Structures are given as C-alpha cells and as structure tokens.
Amino acid sequence: MVCLCVFILDVTVKSCLIGREEFQMNKWLISYVIVIAASVIDWMLSVSMMCNESLRVRRLIRPFFLLQNSTLMKKTLKCVKRTLPEIASVILFLALHLCLFTMTGMLIFAESDDPKKNGEWKTYFKNLPQALSSLLVLLTTANNPDVMIPAYSLNRGYSIFFVLFTVLGTFLLMNLMTAIIYNQFRGYLLMSVQTSIIRRRLGIRAAFEVLCCPGRGHTSSQSEGHRVAVNTFLQVMGRVHMKSYHRQAIIKAAQQFPDGFIDAKAFQRLFSELDKDFLKEHPPKPEYSSSVMQQIQYIFSHYYTTVLGNIVALSNVLCICTILVLDSEKSSSERDNYHIEIINCAFIFYYFIEMLLKIVAFGWKVYLSYISNILDGFLTVLLLFLQIATFIAYRIPDSKEDPVQQHVMPLWEMVRLVNMLIVLRFLRIIPDIKLMAVMASTLVDLVKNLRAFAGILLVVYYVYAILGIWLFQGAITAPKNMSEISDSSLENVTGAFTMDCGSFEQLEYWPNNFDDFAASLVLLYNIMVVNNWHVFTDAYTRYTTEWSLVYFVAWWLTSSVMWVNLFVALILENFTYKWDHCNALSVGEVERIVFQSTVQLMFREHVQEPTEEELLAKLQQHHHLHLGWCPSAHTP
C-alpha cells in the first residue's frame, strides 16, 4: 500500500505539471492511472479476504510500474511493437514450413503392418500433435539426431527428410529471423537516435535564443550581434543540473573564446561533451634525482615488464592446472599440498615485489589511477595475507602430514582459495591484448547502454513466471521414495509417471518446476537455452494437458527466437562499431575510446544533423516557447 501511495502521488504530480490536455493525450499516464486503480482494488480484495485468495491480479501487472518510469524501456517496447509485423511474417513462413513437413512426415512414417518398422511412427509421428511437436523441437536441434534414429536404422534414405527440414528451417528461416530482427531494431534505433539528436539540438538552440535575446520577434542567427556572452553562459552553467565532468568540460571549452561571445554553431558544439563519458586523466609520474631510482622507474614502467608479469601469471596458472590434473581423483586428505604451497609462495612473493616496484616506478597516484592496478594490487595483498595465515596455522606443510581439521579453515580450503584468487588475477592480461580489450569493452558497453533491453527481458521473465505459477504450480511432484522405484515397480505407479530413457523422471528433473518464483525463473531459463526443452514440454503435457504446450512454445518464441536474436544483433552492432574504430589503434589507445561508446555514437555516422532552418521553424511553432519577448539581452 505504501508503494501504491507513492505511485498515486507520482501520477498526481505529473498530471498537474503537464496539464489536463496533455495528460489526456498521454497513453502511458492514462494506463498508469488504470493500473494503479486495478492494483488498489485488488489490494482491497486481498485485505477483505485476509490475504487468503488464490489469485492476485496485481502481481501480473506490477512490471508496468517499471516500464512506465523508464523512457528507454518505453522506446524499446515501441520498437518491439513496430517489429512484430515483420517477425509475424517470418513466423508464418516458419509455421507453413513446419506444417508442410509434418504432413509429409506423417505420410512417410505411417503405421505399417510390420511392427518392426513402426518405431518412428510410434515414437514421433503417431498423431498430429506428436508429429508437430517432434519437428518443432527438431527446429531447435534439441532432439537431433534422436528423432530420426528409428527411421534411419531401417533406411539411410530417410535422413534426407530430416536434413532437408533442418537446413530449410534451422539454417535458413531461423537465421532469416535474426536478420529481420536485427534490421528492424537497427532501423528503429537509427530513427530513435535521429529523434533524440533533433530534440537535443532543438533544446540547445532554444537555450541559445533565450540567452542572447536580440530583440522582439527576431530569431535570425545571421543578424549582427546575435551571440551569447560567455559570462552569461557561465552564470547559467553554474546552476544547471548535470554531471560535474560534463559541466567542467563545457565551461572549459566556453572559456576559450577570445572575444567573450559565442555564436549559434559554436554554442551547439559546446554541448557535444554530453555524448562523452568521463575519461580519467592519469597524473604525471614522480621525478627522481637518484640515477638508481630513475633506472628502476624506467625498467618497471616499461611495457616489457608488464609482458614479463603476464608470462609469470600464465606460468602460475599452468602449474595450478597441472597439479589439479594430477590430484583430480584424490580426496582432500590424500592430496599432497607441500609442492603447491611452495610454488604458490614463490609466485606470491614475485607478485608482491612486482607491486612494490611498480608503486615506486609510477607513484601512488599513477598506480591507483588504473583500475587494473587496483584489482591486481588488491588480489596480491589478499594472497599475501592468506599465505601468511597459512604459515601461522600450519607452519610449512609437510608432505606426510594430514590436514588438521580443528583449525578455522582446513589447509586444502585455504590452498583452494589461494588458487582461485591466482586464476582470477590472471585476468590482468585482458587490457594488454587488443582483441580481448575490445571484447571486454564491448561487454561493458552492453551492460551500460543496453539496460533497457535487459529490463524488458526481466519484465517478460516476471510475467511468464507468474503465469507459470498460476497454471502449473504443484502439477509435478517428486515421489517420496525415488530410490525404491524401479522398472519392476512401475506397474504400481499410477498417473503419467514414466521411467523411459531421457524422460523428465529418468533424468530426475524434479527441481525444475513452477512451485515457487525462483524455480520458475530457472525453468524458464532452461527452456530459453533450448537444450532438452522438449523434456519439460513432454512432462507437463503428460501431467496436465496438451494445451500446456502453447505456453512453452510462446515462451520459446518470445525468449529464444526474438530476444536472444535481438541481443545477438546488438552485440554484432556494438562489436563491429568498436572493432572498426579500434582497428587502427594500438593496445594502449583502445582504453581511450571507451568513453565514446554510447548508443547515439554507435549510429552517429548514419544520422543526419538537423539544418538551421529546420531548428528555427520548429522553435517558431513550439507552443511552450515564445521567443518574441525578452526583457534583457543579458538576463539568464
């Protein structure tokens, strides 16, 4: 109820600010009011029933509040809506392909008088729903080659049917679906970026007109004196709410004008800093007077020292890998920790000395200005602390001595923790390899710039999980004494239970259910991955009804076909943009272009800038902006 009160206050304030007319034209705000009203009514019903009702409608509509308060999610949802007709055409083509091969398969694998030849018919093509679901699963390759083995065992020629089906459906139509989704979303993103740039240019130009105010009814930038005073601009920037590094960059650029005035084009260029993220400048290295210190600084700040450190880290990981392979079949009490402790101790000592010398060479400020150094130093200090704790607790481990269990942590657990930290420390090589640096920055950009798409996917997961709980909660329950059930006792088991090879029961998939929200999310994820997803659909059709297949197919289309393909398309776009811009740069320069990674800049080359005439025409027609009156040419 507290949350609902906050939402009621939010929509009330918004309606008062924008006015009644615009409120009536805003579909999202009208839907906001309807969803809040439905939630309040449903909450009142829950309270009146002492929260004992079995169905709560407000659970299903809660994601609307997340969507309504995110502009990027609204745009993404609108993009999905615009893309659905094109996706529907491919899905229709896919359905025709599926139906055609289903009918053909039922004709080819019809029931025969010879029971030995009925394996394919009995298992996969006995009736229309079974044949349709078998080929639908084959479209995702989850049951390949199982689906064709009975027929293929009789005659190799039957494989032509299944190969032709997968080539046309999986490799052609499904990839065509990816291409269409990529093309449509890319077109929408281009249009969205174009609209966003026009709005920003219009807002900046409106600010320019308001700040310069040349006279009543005058908006021509060609007139004499139609410029903004730098002092006036700096006064306004001191009160504008924006990120501090953006403000500092804009103010620094504005102070470079020698005559103290800014024209319209220069005013627009000032705000190009808004498209850039903060690029941290590294402080200068310390200057030493001693020749020895200068030599140390030269050696340990050189690139080859970093290469040597990476080689040592790789050697350490290889040593750990070798020992793990040798001890893979030994229990913790049988492992000989003596050699691995000596090896780890030597490597950790090297890491510590390397860290100290780097701090001396770069200085504290320069060393800590690199994120990779902070992570590297933190792991080194942590490794040193664990190694000292190991020596205090166990002294130098003897190869014949068993681990002492009364300590806070057994020796093997401490060694394993040290090894995991060493493996994690090996990630230091990423910034030094160009392709890996580009891939890492691409992943960071996806997290940073594509949050809206992940938010929509989260909403879809939530909605399908709630629907799954409503429809299938408690439908499948694990037997109490699973170990007592054998093939001989299956005759006494009633219902849809089966122990056929590859079935839900035989694979012991009991934790995959809709009994609670967390389990529902995991089950939906397993289906999105599509590996063995037919096992889940088969189980729920047996335990509930064949119509349950509609729910799972709808989830597969939404998640695996549309959303996964969308993420693949966006990863391709992001990586291609990054690689094209990094191809001519060195490894050290790759880090400096990370700040130019917004979605707007990804498509900037394909976006047209609005002309001066278009901006002035839109300003004249704007119903909230009246440039015909200005009290003073220098009033901010």
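Run VAL167 past the list (1) more than 37 Å from the chain's Cα centre (by Cα); (2) within 30 Å of LEU566 (Cα to Cα) and report the number of the one that doesn't hold.
(1)
Is it the case, given these coordinates, that VAL568 is surrounded by 15 or more Cβ atoms within 10 Å (Cβ to Cβ), hydrophobic (A, V, I, L, M, F, W, C) and at pLDDT 60 or above?
Answer is no for this residue.
Within the bounds of the range 385-403, is there any residue that is more than 22 Å from LEU421 (Cα to Cα), modelled with pLDDT of 75 or more, of a type in the set (D, E, K, R) and exposed (fewer than 14 other Cβ atoms within 10 Å of the Cβ)?
Filtering the range 385-403 for residues more than 22 Å from LEU421 (Cα to Cα) gives 398-402.
Next cut, modelled with pLDDT of 75 or more only: none.
No, the conditions are met nowhere in the range 385-403.
If you check ARG216 against the conditions, is it at pLDDT 85 or above, open to solvent by 40 Å² or more (accessible area, probe 1.4 Å), not in a helix (DSSP H, G or I) and not acidic (Asp, Glu)?
Against the criterion (at pLDDT 85 or above, open to solvent by 40 Å² or more (accessible area, probe 1.4 Å), not in a helix (DSSP H, G or I) and not acidic (Asp, Glu)), ARG216 does not qualify.
Exactly one condition in (1) of a type outside the set (D, E, K, R); (2) modelled with pLDDT under 85; (3) open to solvent by less than 70 Å² (accessible area, probe 1.4 Å) is false for PRO145; which is it?
For PRO145, the exception is condition (2).
As an exercise: evaluate ARG428 against (1) within 27 Å of ASN513 (Cβ to Cβ); (2) part of a helix (DSSP H, G or I); (3) at pLDDT below 85 and give the number of the one condition it does not meet.
(1)
Might you let me know whether the range 576-591 holds any residue that is out of contact with any Lys or Arg (no Cβ under 8 Å at 6 or more places or on another chain) and at pLDDT 70 or above?
Checking the range 576-591: at least one residue is out of contact with any Lys or Arg (no Cβ under 8 Å at 6 or more places or on another chain) and at pLDDT 70 or above.
Considering each of VAL415, VAL459, VAL447 in turn, give the residue that is in a helix (DSSP H, G or I) and either basic (Lys, Arg) or modelled with pLDDT of 85 or more (or both). Steps first, answer last, please.
Numbers: VAL415 fails: either basic (Lys, Arg) or modelled with pLDDT of 85 or more (or both); VAL447 fails: either basic (Lys, Arg) or modelled with pLDDT of 85 or more (or both).
Answer to the check: VAL459.
Please state which of the following conditions TYR304 fails to meet, knowing it meets all the rest: (1) free of Cβ contacts under 8 Å to residues at least 60 places away in the same chain; (2) assigned to a helix (DSSP H, G or I); (3) open to solvent by less than 80 Å² (accessible area, probe 1.4 Å); (4) among the aromatic types (Phe, Trp, Tyr).
(3)
Is at least one residue of the range 540-559 open to solvent by 60 Å² or more (accessible area, probe 1.4 Å) and polar (S, T, N, Q)?
yes
Any idea which of (1) open to solvent by less than 40 Å² (accessible area, probe 1.4 Å); (2) in contact (Cβ under 8 Å) with a residue 12 or more places away in the chain is the one LEU55 doesn't satisfy?
So the condition that LEU55 fails would be (1).
VAL230: open to solvent by less than 30 Å² (accessible area, probe 1.4 Å) and under 26 Å from LEU616 (Cα atoms), yes or no?
So VAL230 passes the test.
In the range 11-28, what residues are at pLDDT below 90 and open to solvent by less than 30 Å² (accessible area, probe 1.4 Å)?
Correct list: GLY19 only.
Tell me, yes or no, whether the range 487-507 has at least one residue that is open to solvent by less than 40 Å² (accessible area, probe 1.4 Å), touching a Phe, Trp or Tyr at 6+ places or on another chain (Cβ under 9 Å) and at pLDDT below 70.
Checked against the condition, which is being open to solvent by less than 40 Å² (accessible area, probe 1.4 Å), touching a Phe, Trp or Tyr at 6+ places or on another chain (Cβ under 9 Å) and at pLDDT below 70, the range 487-507 yields no hits at all.
Report the residue count in the range 361-373 for those that are farther than 20 Å from PHE347 by Cβ and open to solvent by 50 Å² or more (accessible area, probe 1.4 Å).
Number of matching residues: 5.
Please specify each residue of the range 255-271 satisfying the condition of being without any contact (Cβ under 8 Å) to a residue 24 or more places away in the chain and of a type outside the set (A, V, I, L, M).
Passing the criteria: GLN256, PRO258, ASP259, LYS265, ARG269.
The values are calculated or read from the model by the stated rules, or taken from the named source; none is laboratory data. Note that this is a predicted model, so its numbers are computed, not measured. Glycine gets a Cβ as well: all are built from the backbone with ideal geometry, and neighbour counts include every protein chain shown. With ligands, DNA and RNA removed, areas are computed over all heavy atoms of the protein, side chains included. Shrake-Rupley method; radii C 1.70, N 1.55, O 1.52, S 1.80 Å.
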